[in-house]
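S.K.: Dropping a structure here in structure tokens format, bear with me for questions.
The values are calculated or read from the model by the stated rules, or taken from the named source; none is laboratory data. Fair warning: this is a prediction, and the values are worked out from it, not measured in the lab. Note: ideal-geometry Cβ built from the backbone for every residue, glycine included; neighbour counts use all protein chains shown.
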Amino acid sequence: MTSIDIGDRPGTSDSRTVIDHDPPISPFVYHVRAVAAPDKVLSKLEDAERGTPPPSLCGYLATDIDPAWCIGQLIAFCFMTGYLDAIGFSAMFIWCGPQTGNTLQVAFALARLFEASSLREVSFRTSDQQALCSLITFNLGVFLGRIGDRVGPAKRIWQVITSLVQALLTMAAAIVIWKSGESSVSGSRENPAWDSVLTFVGLAFISLSLGLQGVQGKRLDTHFGTTIPLTTIWIELVSGPGLSKLRQKVASRDQKTLTIIGVFVGGFCGRALSAKIGAAATLGIGAGIRVLIATSWLFIPGRMSGQ
């Protein structure tokens, strides 16, 4: 409930009057309530004729979501990080999300150019090319996420559209990996399962989607962080004062723990499915999960005025 001051109230000792208003309600929720309790909804509509009408779909999509209610979506983001990274790492030993390893791998490739002539290697290995591809496309996704700063990083429409774009990118990766016809699990680093042009395109789509997801999660400003790298999360969890307060509810500790669990479970599921049904089908399932995430943003409560 939000309170709105409407000025002096004559005839009373209290000079201020407060009117309570319900927070914005989804048009979808209005429909469900109309089926469950039509009399109450009719009363609401009668009140609306005398006051503020129910929100339109466009108006509802333009509202800000409340990040405090986004824990489920952020856990799903963490799950997708582990899920997609498991697919990429199983096939070519390259991380599609965390970019520390890819950055160092590109640095090592450049450093080999300055080694002694007997050890010098001027060729750019396939694994180095894949690391560079992931690094560039991931940061391209992050850059595209800057559009949300203009739209409003907490706007419902931005959350829905961005999540749908990630679903499309994941589905595009599934299609090109399927068309490549290559295996899903690599036996060794020297012989990655993915080394064709189509698999490079699939890697680019996966990394692009994770870069977009990372900036989307970061802008919500929660303890989940970007939902992608875990090094900072591990440090803050283990060194934080809330670690020893096991009987107390500590939001920062609990959310960081959920971040790690989400990535772990996602990695487990991604690897198991990729080995069982193939990377293309596993990516298709991931695209479906992203669609569910996009739909779920429609039901997150709006941010109260003054928050």
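S.K.: For the list (1) under 28 Å from L292 (Cα atoms); (2) in a helix (DSSP H, G or I), I need the number of the one condition that V185 fails.
M.R.: Every listed condition holds for V185 apart from (2).
S.K.: Before we move on, is L113 part of a helix (DSSP H, G or I), loosely packed, with under 12 Cβ neighbours inside 10 Å and either at pLDDT 90 or above or assigned by TED's automatic domain parsing to the domain that holds S209 (or both)?
M.R.: In short, yes.
S.K.: Let me ask something else. Looking at this structure, is V176 in a helix (DSSP H, G or I), more than 18 Å from C58 (Cβ to Cβ), touching a residue at least 12 places away in the same chain (Cβ under 8 Å) and in the same structural domain as G286 (by TED's automatic domain parsing)?
M.R.: Values: in a helix (DSSP H, G or I): yes; more than 18 Å from C58 (Cβ to Cβ): yes; touching a residue at least 12 places away in the same chain (Cβ under 8 Å): yes; in the same structural domain as G286 (by TED's automatic domain parsing): yes.
So V176 passes the test.
S.K.: Just the residues that are buried (at least 20 other Cβ atoms within 10 Å of the Cβ) and either touching a His at 6+ places or on another chain (Cβ under 9 Å) or among the β-branched types (V, I, T) (or both), please, taken from the stretch 166-186.
M.R.: Those that are buried (at least 20 other Cβ atoms within 10 Å of the Cβ) and either touching a His at 6+ places or on another chain (Cβ under 9 Å) or among the β-branched types (V, I, T) (or both): T170, V176, I177.
S.K.: Additional query: Being over 23 Å from L144 (Cβ atoms), out of contact with any helix residue (DSSP H, G or I) (no Cβ under 7 Å at 6 or more places or on another chain) and in the same structural domain as G97 (by TED's automatic domain parsing) narrows it down to one residue among A280, A272, A193; which is it? Break it down stepwise before answering.
M.R.: Values: A280 fails: out of contact with any helix residue (DSSP H, G or I) (no Cβ under 7 Å at 6 or more places or on another chain); A193 fails: out of contact with any helix residue (DSSP H, G or I) (no Cβ under 7 Å at 6 or more places or on another chain).
Among A280, A272, A193, only A272 is over 23 Å from L144 (Cβ atoms), out of contact with any helix residue (DSSP H, G or I) (no Cβ under 7 Å at 6 or more places or on another chain) and in the same structural domain as G97 (by TED's automatic domain parsing).
S.K.: Restricting to the stretch 80-109, give me the number of residues that are over 20 Å from Q166 (Cα atoms), out of contact with any Asp or Glu (no Cβ under 9 Å at 6 or more places or on another chain) and either in a helix (DSSP H, G or I) or at pLDDT 95 or above (or both).
M.R.: Here is the first cut: in the stretch 80-109, the residues over 20 Å from Q166 (Cα atoms) are 90-93, 100-109.
Adding the requirement that they be out of contact with any Asp or Glu (no Cβ under 9 Å at 6 or more places or on another chain) leaves 90, 93, 100-104, 107.
Retained after the next criterion (residues that are either in a helix (DSSP H, G or I) or at pLDDT 95 or above (or both)): 90, 100-104, 107.
Residues that pass the stated criteria total 7.
S.K.: Still on this structure: Please count how many residues of the stretch 207-245 are within 20 Å of I147 (Cα to Cα), of a type outside the set (K, R) and not in a loop (DSSP other than H, G, I, E, B).
M.R.: 11
S.K.: List the residue pairs whose Cβ atoms are under 6 Å apart, where the first residue sits in the stretch 239-268 and is in contact (Cβ under 8 Å) with a residue 40 or more places away in the chain, the second is surrounded by 15 or more Cβ atoms within 10 Å (Cβ to Cβ) and β-branched (V, I, T), and the two are 6 or more positions apart or on different chains.
M.R.: L258/I75; T259/I233; G262/I75; V263/T81
S.K.: Filter the stretch 239-271 for residues that are small (G, A, S) and closer than 28 Å to F89 by Cβ; which is surrounded by the most Cβ atoms within 10 Å (Cβ to Cβ)? Before you say what the answer is, go through the steps one by one.
M.R.: We begin by selecting, within the stretch 239-271, every residue small (G, A, S); these are 239-240, 242, 244, 251-252, 262, 266-267, 270.
The next check asks that each one be closer than 28 Å to F89 by Cβ; those that pass are 239, 262, 266-267, 270.
Working: S239: 8, G262: 22, G266: 24, G267: 20, G270: 27.
Looking at the filtered set, the residue picked out is G270.
S.K.: Moving on. Can you find a residue that is in a helix (DSSP H, G or I), of a type in the set (A, V, I, L, M, F, W, C) and loosely packed, with under 15 Cβ neighbours inside 10 Å anywhere in the stretch 127-135? Give the steps one after another, and end with the answer.
M.R.: Taking the stretch 127-135 as the starting set, the residues that turn out to be in a helix (DSSP H, G or I) are 127-135.
Now restrict to residues that are of a type in the set (A, V, I, L, M, F, W, C): 131-133, 135.
Narrowing the set further to residues that are loosely packed, with under 15 Cβ neighbours inside 10 Å leaves none.
No, the stretch 127-135 has no match at all.
Per-residue answers, yes or no, for (1) of a type in the set (K, R); (2) touching a Phe, Trp or Tyr at 6+ places or on another chain (Cβ under 7 Å); (3) more than 30 Å from W178 (Cβ to Cβ):
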site	(1), (2), (3)
G214	no, no, no
I228	no, no, no
G242	no, no, yes
R247	yes, no, yes
T259	no, yes, yes
G262	no, yes, no
I289	no, no, no
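S.K.: Also, quick follow-up: Do we have L237 as more than 18 Å from A76 (Cα to Cα) and in contact with a Ser or Thr (Cβ under 9 Å, 6 or more places away or on another chain) here? Spell out how you get there, then give the answer.
M.R.: Working: more than 18 Å from A76 (Cα to Cα): yes; in contact with a Ser or Thr (Cβ under 9 Å, 6 or more places away or on another chain): yes.
Criteria met by L237.
S.K.: Looking only at the stretch 57-94, filter to residues that are in contact with a Pro (Cβ under 6 Å, 6 or more places away or on another chain) and among the hydrophobic types (A, V, I, L, M, F, W, C); which one of those is farthest from R156 (Cα to Cα)?
M.R.: The selected residue is M92.
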